[in-house]
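Student: I'd like to ask some things about the structure below.
The values are calculated or read from the model by the stated rules, or taken from the named source; none is laboratory data. Being a predicted model, the structure only gives us computed values, none of them experimental. Because the Cβ atoms are built from the backbone with ideal geometry, glycine has one as well, and the counts that use them run over all protein chains shown. To get the accessible areas, we keep the full protein, side chains included, count just its heavy atoms, and leave off ligands, DNA and RNA. Shrake-Rupley method; radii C 1.70, N 1.55, O 1.52, S 1.80 Å.
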Amino acid sequence: MIDEFLARDLSAVEDAVRAAAAAEIMPRFRQLAAHEVDHKSGPHDLVTAADRLAEEHLTASLTKILPGSAVVGEEAVHADPGSYAALRADTPVWIVDPVDGTRQFVDGDPAFCTLVALAVRGEILASWTFAPAREELATAVRGQGAYVNGERIHSGSPRPGAELRVATAHPLYTSEHDRRALARLDVPGVAARPCGSAGLEYLRVARGEMDALAFTWPSAWDHAAGLLLVEEAGGAHSTVDGVPFRVDRDNALPFAVGRDEATAFRVRDLLRGA
């Protein structure tokens, strides 16, 4: 069933992603009223009406496109943490981050995106990364490559001897333990900076504009679409225990993503103090 869907209905998913952004996100970009912005776990954990309404829009359209599928979305999981368990079931699951980079969205910065991935039993099969303010859509299907606006992209490898450009988990969202792990990247030959929208950082690695990422949190909606995009562009990822990150299990953190396997492993080894 899934193979047939992937061969037949990918354009319908793209249409759904674009429609949700057009209906619920872009009309509110730089137009948010005060009552449309709220906080979740803390002062830096923002949520807006665009996040909630776009996720509702995508949940309705994606489950209609693939009957019998489930949705694991950032806002729905915040309301019902138990819904995250759908990632471990046999049912096809849509993994949705309606506005990745909410902080940027609230600030009027166009560096935000909508992330959608399709997974079955933890394997990510297809992904969509849509930056509506930039009219940029990145897509990937397992085994079929990575594309931006229809053109294939390749991550390539860093130039030998060049300083590695690494985006890391933002200090606003990291614990003291996380910061100690990320501090291991403060070595000669590595230039680290805090990340913005995780989805757009993954896109930069897939394009070879960044060399690596180092993340400390496991939320599937932040990572699923980007992980497949980077893999299909030629990159790799590894947790500190030496295995790839998976959305259907507890992962050893932090984990590293690189534009090639050697880069991913180099950053991973630094993170674990090897």
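Student: Can you work out which of the residues in segment 93-113 that are surrounded by fewer than 18 Cβ atoms within 10 Å (Cβ to Cβ) and among the acidic types (Asp, Glu) is nearest to the chain's Cα centre (by Cα)?
Tutor: If we take residues in segment 93-113 being surrounded by fewer than 18 Cβ atoms within 10 Å (Cβ to Cβ) and among the acidic types (Asp, Glu), then Asp109 is nearest to the chain's Cα centre (by Cα).
Student: Taking segment 211-228 as the search range and keeping residues that are surrounded by 24 or more Cβ atoms within 10 Å (Cβ to Cβ) and without any contact (Cβ under 8 Å) to a residue 60 or more places away in the chain, which one is nearest to Ser175 (Cα to Cα)?
Tutor: Filtering segment 211-228 for residues that are surrounded by 24 or more Cβ atoms within 10 Å (Cβ to Cβ) and without any contact (Cβ under 8 Å) to a residue 60 or more places away in the chain, the one nearest to Ser175 (Cα to Cα) comes out as Phe215.
Student: May I pose another question? So the check is Cβ under 6 Å with 6+ separation or different chains; which pairs have a first residue in segment 250-269 that's over 15 Å from Gly234 (Cα atoms) and a second one that's open to solvent by 50 Å² or more (accessible area, probe 1.4 Å) and not small (Gly, Ala, Ser)?
Tutor: Matching pairs, first to second residue: Asn251/Pro218; Ala252/Asp241.
Student: Being farther than 26 Å from Val190 by Cβ and at pLDDT 95 or above is the requirement here; does Val166 meet it?
Tutor: no
Student: Considering only residues that are within 15 Å of the chain's Cα centre (by Cα) and not β-branched (Val, Ile, Thr), which ones fall in segment 137-149?
Tutor: Those that are within 15 Å of the chain's Cα centre (by Cα) and not β-branched (Val, Ile, Thr): Leu137, Ala138, Ala140, Ala146.
Student: Identify the residue in segment 189-210 that is crowded, with 16+ Cβ neighbours inside 10 Å and charged (D, E, K, R) and, among all such residues, is farthest from Pro254 (Cα to Cα).
Tutor: Looking at the filtered set, the residue picked out is Arg207.
Student: Find the residue count for segment 160-188, including only residues that are within 19 Å of the chain's Cα centre (by Cα) and either open to solvent by 70 Å² or more (accessible area, probe 1.4 Å) or of a type in the set (Val, Ile, Thr) (or both).
Tutor: Residues meeting the conditions: 6.
Student: Restricting to segment 106-136, name every residue that is touching a strand residue (DSSP E or B) at 6+ places or on another chain (Cβ under 7 Å) and either among the charged types (D, E, K, R) or assigned to a helix (DSSP H, G or I) (or both).
Tutor: Correct list: Val106, Glu136.
Student: Could you check how many residues of segment 74-96 are of a type in the set (D, E, K, R), closer than 22 Å to Val13 by Cβ and touching an Asp or Glu at 6+ places or on another chain (Cβ under 6 Å)?
Tutor: 2
Student: Tell me, which residue of segment 35-92 that is open to solvent by less than 40 Å² (accessible area, probe 1.4 Å) and of a type in the set (Ser, Thr, Tyr) is farthest from Pro132 (Cα to Cα)?
Tutor: Applying the filter and picking the extreme gives Ser83.
Student: Which members of segment 121-135 meet the condition of being farther than 18 Å from Thr102 by Cβ, surrounded by fewer than 18 Cβ atoms within 10 Å (Cβ to Cβ) and in contact (Cβ under 8 Å) with a residue 24 or more places away in the chain?
Tutor: Selection gives Arg121, Gly122.
Student: Ok, one more. Among residues belonging to segment 1-19 that are more than 19 Å from His57 (Cβ to Cβ) and part of a helix (DSSP H, G or I), point out the one that is least open to solvent (accessible area, probe 1.4 Å).
Tutor: My answer is Phe5.
Student: For residues in segment 144-161 being without any contact (Cβ under 8 Å) to a residue 40 or more places away in the chain and in a loop (DSSP other than H, G, I, E, B), which is nearest to Leu185 (Cα to Cα)?
Tutor: It comes out as Gly161.
Student: Quick one: count up the residues across segment 229-268 that are buried (at least 24 other Cβ atoms within 10 Å of the Cβ) and over 16 Å from the mean Cα position of the chain (by Cα).
Tutor: Residues flagged as buried (at least 24 other Cβ atoms within 10 Å of the Cβ) and over 16 Å from the mean Cα position of the chain (by Cα) within segment 229-268 amount to 3.
Student: Further, regarding this structure: Do you know which residues across segment 59-99 are among the charged types (D, E, K, R), assigned to a helix (DSSP H, G or I) and over 18 Å from Ile2 (Cβ atoms)?
Tutor: Correct list: Glu74, Glu75.
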